[in-house]
1. Please go through region 314-384 and write out the GluC sites (Glu not before Pro) that DSSP classes as loop and that have at most 11 other C-beta atoms within 10 Å.
2. Sticking with the crude label model, points 7 Å out along Cα→Cβ, report the distance from residue 296 to residue 227 in nm, one decimal please.
3. Return the percentage of antiparallel bridges among DSSP beta bridges fully within the chain, rounded to the nearest 5 %.
4. With Kirkwood's inverse mean 1/r over C-alpha pairs for Rh, give me the Rg to Rh ratio of region 261-334, two decimals please.
5. Please state the charge dipole magnitude for the chain, taken about the Cα centre, from unit charges on C-beta atoms (+1 on K and R, -1 on D and E), reported in debye and rounded to the nearest 20.
6. Using only DSSP helix segments of four residues or longer, with each worth -39500 (n - 2.57), what per-residue ellipticity at 222 nm results for the chain after dividing by its residue count and rounding to 500?
7. Work out the FRET efficiency for residue 5 and residue 346 from their Cβ-Cβ distance, taking R0 = 56 Å, and round it to the nearest 0.05.
8. Among DSSP bridges having both ends in region 14-182, what percentage is antiparallel? Round to the nearest 5.
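We did not get these values from a lab; they are worked out from the coordinates using the rules stated. Note that this is a predicted model, so its numbers are computed, not measured. Here the Cβ is made from the backbone with ideal geometry for all residues, glycine too, and neighbour counts use every protein chain on show.
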Amino acid sequence: MTHRTRFEFATANRVIFGAGCAAELAIETAALGSRALVVTGKDPDRAAVVLASLTQNGIAFWTCSIAGEPTIDDAREGATAARARRCDVIIGLGGGSAIDAGKAVAALATNTSDPLEYLEVIGAGQPLPCDPLPFIAVPTTAGTGSEVTRNAVLRSPDQRVKVSLRHPKMLPNLALVDPELTHSLPRWVTAATGLDALTQVLEPFVSQRSNPICDALCRDGMRRIVRALRAAYDDGANADARYDMSLASLYGGLALANAGLGAVHGIAGPLGGMFPVPHGVCCAHLLPPVIAANVAALRNTETGERALARYAEIGVILTGDPAAAAEDAIQWITRLRDAMEIPALSEFGVRADPDDLASLVAKAQRSSSMKGNPVSLTDAALANILRSGIT
């Protein structure tokens, strides 16, 4: 990239960030509608305190809970419920799954063809003809950055794949990011979502589509994660650490939406579609071998100098050592992952089965995330990444 590179930057219509800002949900919802469908995680009771303000302010609402990563059927059913109740605003309150489901519901409530008409990879990929319902994203985890992205990741259990419903109009009308909502997260969720956040400020930084705005966000995001992730894991009530992680997660969403991702997410999507592995766990195990594979491939190209310099800079940021290299970044991530006791992929049934590896590699090569990777990786390289992540 040169200083003359053209780029665009788009995000949610508004972002409100700060401790306690979730209390503003009712007044912000009233500005968009009066009948809300609230999409939550598997335990809607966790949202009760935040949602009480809707009742107090005369906003009728219904809840729809998502037990795990949202499926196409979840989105289909949520959209049907929104239409049946004449909802005019959708709220996604929870982790990335709840927010992605909410975005999909908002889109499909007004675009009534079967979801396969609009889905990437397994569908027709047609654009949305109608504007989605207004959508407010209220994240309760610090990892996905879904509150500022224009796609919803949906799982197709029959085809064992995760695919995106994507359109510029799916950017939320409002992202309401309150770090206090993350204080009660279990340690393992803090760890897994935190390593997802790290991946999402690291991959856009080396992406072929990186740009100066995203670079600034990624650099600051990595620095915040270095000082905050382990601290938030050790003490969930550490307000400074939770603040930093929520902000880094927001940065990651802004960066990936505008600069793209890379091979970690290119592989993680198919892996999470074929096996019940939480997305953050996929990222935790794939990030070190992807960095190693990318660096090895870049060193064999004539145009890899810029990306290699970026990987060395990542090593410096993560370790604090001005002489650090990409290999030091790999070691730092691996040590942090192990210290936070991220479960092995094998605990979710993932094995280095040749047929599974071949299927995963083929799906990864077709992933939109792979387009941002700083270098083209061969099928053999992707298979080796998977083997390294599984062992």
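1. Here the GluC sites (Glu not before Pro) that fit, given the DSSP loop and packing criteria, are 341.
2. Placing both labels 7 Å beyond Cα along the Cβ direction yields 3.6 nm.
3. Counting DSSP beta bridges with both partners in the chain, the antiparallel share is about 20 percent.
4. Looking at region 261-334, the ratio lands at 1.03.
5. The calculation lands at about 620 debye.
6. -16000 deg cm²/dmol
7. 0.85
8. 20 percent
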